[in-house]
1. Below 8 Å, C-alpha to C-alpha, sequence gap of six or more: please give me the relative contact order for the stretch 68-204 in percent.
2. With a Förster radius of 35 Å, plug the Cβ-Cβ distance of Ala156 and Ala234 into 1/(1 + (r/R0)^6) and report the FRET value to the nearest 0.05.
3. Using helices alone, I'd like the mean residue ellipticity at 222 nm for the chain: each DSSP H run of four-plus residues gives -39500 (n - 2.57), total over residue count, nearest 500.
4. If I model a spin label as a point 7 Å beyond the Cα along the Cα-Cβ vector, how far apart are those points for Asp41 and Ser226 in nm?
5. Taking the dipole about the Cα centre of the chain, with the C-beta of Lys and Arg at +1 and of Asp and Glu at -1, give me whichever of Gly222, Thr124, Asn236 is farthest to the positive side.
6. Of all the stretches in the chain, which is the longest one without any exposed loop site, taking GluC sites (Glu not before Pro) in a DSSP loop (any state but H, G, I, E, B) with at most 14 other Cβ atoms within 10 Å?
7. Before anything else, pin down the relative contact order of the chain: Cα pairs under 8 Å, at least 6 apart, normalised by residue count, whole percent.
8. Compute the accessible area per residue over the chain, keeping the other protein chains in place, probe 1.4 Å, unit Å².
Amino acid sequence: SDCSDYEEGLIRTREGNRDLEPETSTSWTFGAVWSPIADFDVSVDYFDIRMRDQVQDMSVGEILRDEASCRLGGLDPASPTCVDAISRITRIGGRLYGIYVNPINVARENTSGVDLSAHYRRSTPFGDFRFGVNHSWVREHDFQQYDGDVVEDQFAVNGGFDIPRTKTSASLGWNYGGWSASVQGQRLGKLPSSDSYDNVYRPSGDNSPWIGATWRYNLTAGYRFSDSMRLSLAVNNVFDKMPPDDPTYTAYPYYDTSWFDSVGRTVYLTFDWTFGAKNGD
């Protein structure tokens, strides 16, 4: 009744697996590049990757979540995953006692999507400008732990996976004489909230199964005095953005550590002096 005071001793046993099969995969891509002028190009690439027998080291948390879902009806008790999870856990009088873990071969994991990019360069009396943008969109990402299990869509609500469908980056650079500067923005698409990731999403009020997309910006500037001497300034996380708020994340540090950190704005000032440098070195 009071989860904050809940504790459970658990004996964890781990060993290797001599029956592991080698990992295999099949991948193919095709794409096109269009460059109507020398200073501008656009490219698009489609990728398709099919992986089999990936070696995955099972975690205690994953097995316990699977066992709970199997016993509570979230998963089919007769599925290979349930049969395996229940066999790995020892209970005495209904209470957890021990758990056995080892590496396994994952039946299959498939992903496909599209990568887009564009680049533009322009020389002016005020310097040379460069613009670039890259965007990745994942069409599918399916996972099946054992043959006979249901194939899971990793982008589904309550899918139990923590991956974004899209990633985007854009940059603008400038050079003029010894001066240079650039600004870069990185966008990470929406991610599942903590409740959704743990397969226990409880919709209520404004609660959402998703964390919205986020942007981060970095800035660099520098001046080259000579071939051997350069001063540069770099600012990461220019707007001092913290990880996005997720009200359902109730465990420290209260944000998704797989994709974010709590490092705020960071400034680096660097002076490089190369002794004995010659032109072109």
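The values are calculated or read from the model by the stated rules, or taken from the named source; none is laboratory data. Fair warning: this is a prediction, and the values are worked out from it, not measured in the lab. Backbone-built Cβ (ideal geometry, glycine too); neighbour counts: all protein chains shown. Just so you know, the surface numbers come from the protein's heavy atoms only, side chains and all, with ligands and any DNA or RNA stripped out. Shrake-Rupley method; radii C 1.70, N 1.55, O 1.52, S 1.80 Å.
1. On the way: 232 pairs, mean separation 24.9, N = 137.
Once divided by the residue count of the stretch 68-204, the mean separation gives 18 percent.
2. Numbers: r = 39 Å, r/R0 = 1.12.
Calculated transfer efficiency: 0.35.
3. Values: 3 runs with 26 residues, N = 281.
About -2500 deg cm²/dmol.
4. 3.6 nm
5. Value computed over the given set: Thr124.
6. Working: sites that count: Glu7, Glu8, Glu15, Glu23.
In short, 24-281.
7. Numbers: 583 pairs, mean separation 34.2, N = 281.
Relative contact order here is 12 percent.
8. Working: 17720 Å² over 281 residues.
For the chain, the solvent-accessible area averages 63 Å² per residue.
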